[in-house]
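Peer 1: Supplied in structure tokens, the structure appears directly below.
The values are calculated or read from the model by the stated rules, or taken from the named source; none is laboratory data. Everything numeric here is computed off the predicted structure, so don't read it as measured data. As a convention, Cβ positions derive from the backbone with ideal geometry for all residues, glycine included, and neighbour counts pool all protein chains shown. The area values use the complete protein model at the heavy-atom level, side chains included, leaving out ligands, DNA and RNA. Shrake-Rupley method; radii C 1.70, N 1.55, O 1.52, S 1.80 Å.
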Amino acid sequence: MQKFFLLCALFFFIFPAQAVDTVQKKEENAITFDFANGSRIYKKNCATCHGRHGEKKAFGFSKLIKNLSQDDVVSALTRRKKGEIQGPGNPAKARLSEQEMQDVAAVVASFNP
């Protein structure tokens, strides 16, 4: 009986340690963003054309960005920065760092209900 309890105790001490290690690895790969910084950048560089909550088609022809996911926003910003998509907002987008793109994308994704 003592062997059974010893075996159970070892199992419960070893298993949680592995679970914590897995969670830490997932957190290391997680994309981080600064919502306050993204809000500041969005208000300064994006809201004039796209609206306070992404509800406008910039210059009457862009997509409504409020319907885009965070990944879609990062992809679009990256493509614009590379010059793959042309438009009036490219100079502002070209100045964004990868982190700033993630920050802005988090803000835009929050517009999506």
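Peer 1: Rounded, prolate or oblate, given the Cα gyration tensor of the stretch 52-113, with a/c below 1.5 counting as rounded?
Peer 2: It comes out oblate by the Cα gyration axes.
Peer 1: Let me ask something else about it. Normalised by the number of residues in the stretch 29-105, what is the relative contact order in percent for Cα pairs under 8 Å and 6+ residues apart?
Peer 2: 40
Peer 1: Just by accessible area at a 1.4 angstrom probe, what is the order of Thr48, Thr32, Thr78 from largest to smallest?
Peer 2: Sorted by accessible area, descending: Thr48, Thr32, Thr78.
Peer 1: Next question, about the same structure. Give me the net charge of Lys56's neighbourhood, meaning all other residues with Cβ under 15 Å from the Cβ of Lys56; Lys, Arg count +1, Asp, Glu -1.
Peer 2: Taking every other residue near Lys56 into account, the sum is +4.
Peer 1: I'd like the accessible area for Phe61, computed on protein heavy atoms only with a 1.4 Å probe and all protein chains in place. Round to 10 Å², please.
Peer 2: Per-residue accessible area (Phe61): approximately 130 Å².
Peer 1: If each of Gln86 and Thr48 carries a label point 7 Å out from its Cα toward its Cβ, how far apart are those two points in nm?
Peer 2: 2.2
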